[in-house]
Amino acid sequence: MKVHKFCFNPFQENTYILEFDDHEIAIVDPGMYSTNEQQQILHFINENKFQAKWLLNTHAHLDHVFGNAFCATTFNLELYLHQDDLVTLAMGARSAALYSLNLEESPQPAHFFTDGQIMKFNNDELEVRHCPGHCPGHVVLIHHKSKTVIGGDVLFQGSVGRTDLPGGNAAQLDQSIRKQLYSLPEDYVVHPGHGESTTIGEEKRNNYFVFEGGSRLV
């Protein structure tokens, strides 16, 4: 599996395209907001002769779903989301209005992630782990073959996801990071929803909020 990263929208969100065998791809957290950003993704997919097959949301915060409707319509894709984040998805229009932004309404998910689920992508697999705390239905996607984590807004380089938004819970986030991420080998690379990539080992040793010896979240 190859990971392609794009940074989109006013929140500088990381959108990922996961490339599998036979040029089939999954689009994860499509954050494209402007027409120019939509065309950038479309050009990249067409230029590489990719076939978009899956539309995945790690969670449903505004900045991660701006492009849901565009991708679903353009590539005829069904949405995957954790059921616990339906309430977050439903808040999209209200959240956009708070920032004076427009949001084309996302389709409802046709498939729901479950904790421990193994998703098949030809010869590849992604493990789904439920990581609440930033929002109720947040998941991370783990590709064990390449030691890759698509982490959304759980764990960042030197930081963690916000817990002051509706549905956030600092104690839950702390436990999600420790149980679901820090249990992975230290050389696993985390591709977060914002900022630069990091490793499990680096964050266990140096993350300001959740570290091996303690926590500033709880």
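Structure notes:
- Shape of segment 113-161, Cα gyration tensor, a/c cut at 1.5: oblate
- Kirkwood Rh, angstrom, the chain [1 / mean 1/r, Cα pairs]: 17.2 Å
- Ordered by the count of other Cβ atoms within 10 Å of each Cβ, fewest first, 118, 177 give 118, 177.
- At most 16 other Cβ within 10 Å, DSSP loop - trypsin sites (Lys or Arg not before Pro), segment 38-126: 49
- Here the Gaussian network model covers the chain, with springs between Cα atoms less than 10 Å apart; of 197, 34, 100, 100 fluctuates the most.
- Sorted by Cβ density within 10 Å, fewest first, the residues 77, 42: 42, 77
- Only Cα pairs under 8 Å and 6+ residues apart enter the sum, and on that basis the relative contact order of the chain stands at 14 percent.
- Along segment 166-174 the Karplus relation, 6.51 cos²θ - 1.76 cosθ + 1.60 evaluated at θ = phi - 60°, assigns HN-Hα couplings of x, x, x, 7, 5, 5, 4, 4, 4 Hz to successive residues, with x for each Gly and Pro.
- Backbone phi angles across segment 57-74, fed through the Karplus curve with coefficients 6.51, -1.76 and 1.60 (θ = phi - 60°), yield HN-Hα couplings of 10, 5, 6, 10, 5, 2, 5, 9, 10, 3, x, 4, 4, 4, 5, 4, 6, 5 Hz in residue order; Gly and Pro are listed as x.
- Amide H contacts under 5 Å for residue 131: 138, 139, 140, restricted to partners 5 or more places along the chain or on a different chain, H placed in the peptide plane at 1.01 Å from N.
- Pairs of lysine residues in segment 2-215 that meet both criteria, 8 or more places apart or on different chains and Cα atoms under 25 Å apart, total 24.
- Scattering profile of segment 1-51 at q = 0.12 Å⁻¹ [log10 I(q)/I(0), Debye over alpha-carbon scatterers]: -0.24
- For residue 157, distant residues with modelled amide H under 5 Å away: 196
- Sites matching chymotrypsin sites (Phe, Trp or Tyr not before Pro) across segment 84-137 that sit in DSSP coil, with at most 15 neighbouring C-beta atoms within 10 Å: 99
- Residues whose placed amide H lies under 5 Å from that of residue 113, excluding near-sequence neighbours: 81, 82, 83
- Rounded if a/c under 1.5, otherwise prolate or oblate - segment 92-218, Cα gyration tensor axes: oblate
- From phi via Karplus (6.51, -1.76, 1.60), per-residue ³J(HN,Hα) for segment 88-99 in Hz, x at Gly/Pro: 5, 4, 5, 7, x, 5, 5, 5, 4, 4, 4, 9
- Charge dipole of the chain about the Cα centre (unit charges at C-beta), most positive-ward option of 218, 191, 7: 218
- Among 166, 89, 150 - extreme Cα towards positive end, dipole of the chain, charges at beta-carbon: 166
- Descending semi-axes in whole angstrom, ellipsoid equivalent of segment 30-157, from the Cα gyration tensor: 22, 20, 13
- Whole-angstrom gap from segment 76-91 to segment 144-166, using each part's C-alpha centre: 18 Å
- Label-point separation in nm, residue 125 to residue 187, each point 7 Å along Cα→Cβ: 2.0 nm
The numbers here are math on the coordinates, done by the rules we state, and not lab data. Everything numeric in this text was worked out from a predicted model, so none of it was measured. FYI the Cβ positions are ideal-geometry reconstructions off the backbone, even for glycines, and counts take in every protein chain you see.
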